[in-house]
């Protein structure tokens, strides 16, 4: 079995190339740490290298191949920058599994992903309100503020956010552009294409489309709170900025904007929705606001 995995891993490396297999170890020091336990975790790492591209599953109802899309969030959750095909990542994943009473195999599997997913969902106040059977009321109109035109993305024009959320977004967007040259070079990156949505208008649309409980249109959307923002993180040419096609979502998750958000959005009080790389929700005071802004 180990020989078969090694052969598959070698074939994948040949197919995707070294750059395609590398996701997070950004310097020689990190690479050394990630590869230091070759003897203990080598075969597990090879198994992860294979499933990274070949796992056939449906974590959100429709078929997907591999788990590349979720790598940035998983790396942050396990506290490791290591490439998902490295022994160091397998070690970190095993430690996470042990902490959450899962078999500490170091192998990515669907049971482990469900634990990740549960943790990520619990950090969304809107989700926890829905668990309690609540649909949060929209904010009073005087709590809403207009976006500037240069903050709106042309594909999906939006106008309003809660004032405190808009302030946090502006600090976050400024930091992203200051810290990542690729984001600064493209004015569309970090623009908002959906913010506050009037609940009555949302209800009318979902009724007209006959899809009130699906992914694409919800009768009780987090956008009704004025705290949810859809941010342009890049998109596949020919696909929309909010395309849920697996290829589109994988492309977004591999880009510099999404990776920066995963690493930094919590500083400004934002948490992600795992299925939609563009969707972020404000949870309250972030480190940036608590320290008086930067």
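What ranking do 226-233, 170-177 get when scored by the average of other Cβ atoms within 10 Å per residue, highest first?
In descending order of packing, they fall as 226-233, 170-177.
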Which peptide among 271-283, 60-72, 85-97, 136-148 comes first, and what is the full order, when sorted by highest mean count of other Cβ atoms within 10 Å?
85-97, 271-283, 60-72, 136-148
Report the FRET efficiency, 1/(1 + (r/R0)^6), for residue 148 and residue 121, where r is their Cβ-Cβ distance and R0 is 30 Å, rounded to 0.05.
0.40
Starting from the 7 Å offset along Cα-to-Cβ, what nm value, one decimal, do you get for the label separation of residue 141 and residue 184?
4.1 nm
Need one number: nm distance between label points at residue 76 and residue 58, each 7 Å from Cα along Cα→Cβ, rounded to one decimal.
2.9 nm
FRET efficiency for residue 65 and residue 104, Cβ-Cβ distance as r, R0 = 41 Å, nearest 0.05?
0.95
What distance in nm lies between label points placed 7 Å from Cα along the C-beta direction at residue 95 and residue 170?
4.0 nm
Can you pull the Kirkwood radius for segment 125-290, inverse mean 1/r over Cα pairs, to one decimal in Å?
16.2 Å
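Hey, any idea what the orientation-averaged projected area of the convex hull of segment 79-168's Cα atoms comes to, in nm²?
Details: hull surface 38.3 nm².
Across all orientations, segment 79-168 yields a mean hull projection of 9.6 nm².
Every number in this text was worked out from the coordinates using simple rules, so none of it is lab data. Every value quoted in this text rests on a predicted model; they were computed, and no experiment measured them. We place every Cβ from the backbone using ideal geometry, glycine too, and count neighbours over all the protein chains shown.
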